[in-house]
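Below is one structure, written out as structure tokens; the observations come after it.
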Amino acid sequence: GGGIQAKVTFKVTLSSDPRLPFRVVSVPEAAPFTAVLRYVAEEFRVPAATSAVITEEGIGVNPAQTSAEVFLKHGGELRLIPRDRVG
């Protein structure tokens, strides 16, 4: 390999906040999407373990794939939904 690694860019909006803050994250295509989820959750100070990512249309995103796969399936505009902890 070598050369410049292709990157994908996600704009992730925090849906639970009425001000709708967002973060723009650029990651290598091969990066696991769980890393994107964890980074964005930390930026918004919400627990990553109980957060879900959905598309603008409300379709759930499975984080167990590469960032390139998520980008190809769902595009770059996503939303973070912090869910209440169970129990």
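The values are calculated or read from the model by the stated rules, or taken from the named source; none is laboratory data. Please read all numbers here as calculations on a predicted model, not as lab measurements. Counting neighbours? That spans all protein chains shown, and the Cβs are built from the backbone with ideal geometry, glycine included. The protein model used for the area step is the full one, side chains on, heavy atoms only, and it has no ligands, DNA or RNA in it. Shrake-Rupley method; radii C 1.70, N 1.55, O 1.52, S 1.80 Å.
In debye to the nearest 20, how big a dipole does the chain give about its Cα centre with +1 on each Lys and Arg Cβ and -1 on each Asp and Glu Cβ?
180
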Considering only protein heavy atoms and a 1.4 Å probe, what is the carbon-and-sulfur percentage of the accessible area of the chain?
54
Filtered trypsin sites (Lys or Arg not before Pro), segment 30-74: DSSP coil and at most 11 other beta carbons within 10 Å:
Arg45
Figure the gain on full extension for Glu43 and Val24 (residue separation times 0.36 nm, minus the Cα-Cα span) and round it to one decimal in nm.
5.8 nm
How are the alpha carbon pair distances in segment 28-79 distributed across 10 Å bins from zero to the largest one, expressed in percent?
26, 59, 15
Size of charge dipole - segment 1-46 - debye, nearest 20, with Cβ of Lys, Arg +1 and Asp, Glu -1, no other charges:
80
Expressed in nm to one decimal, what extension gain is obtained for the pair Arg83 and Asn62 from 0.36 nm per residue of sequence separation less their Cα-Cα distance?
6.0 nm
Residue list for segment 63-85, given a label point 7 angstrom along the Cα-to-Cβ vector of Ala6 and an amide N cut-off under 18 Å:
65-77
Can you list the HN-Hα couplings for segment 44-55, worked out from phi with the Karplus curve (6.51, -1.76, 1.60; θ = phi - 60°), rounded to whole Hz and with x for Gly and Pro?
8, 6, 10, x, 4, 4, 10, 9, 10, 10, 10, 7
Relative contact order of the chain, pairs being alpha-carbon contacts under 8 Å that are 6 or more residues apart, as %:
35
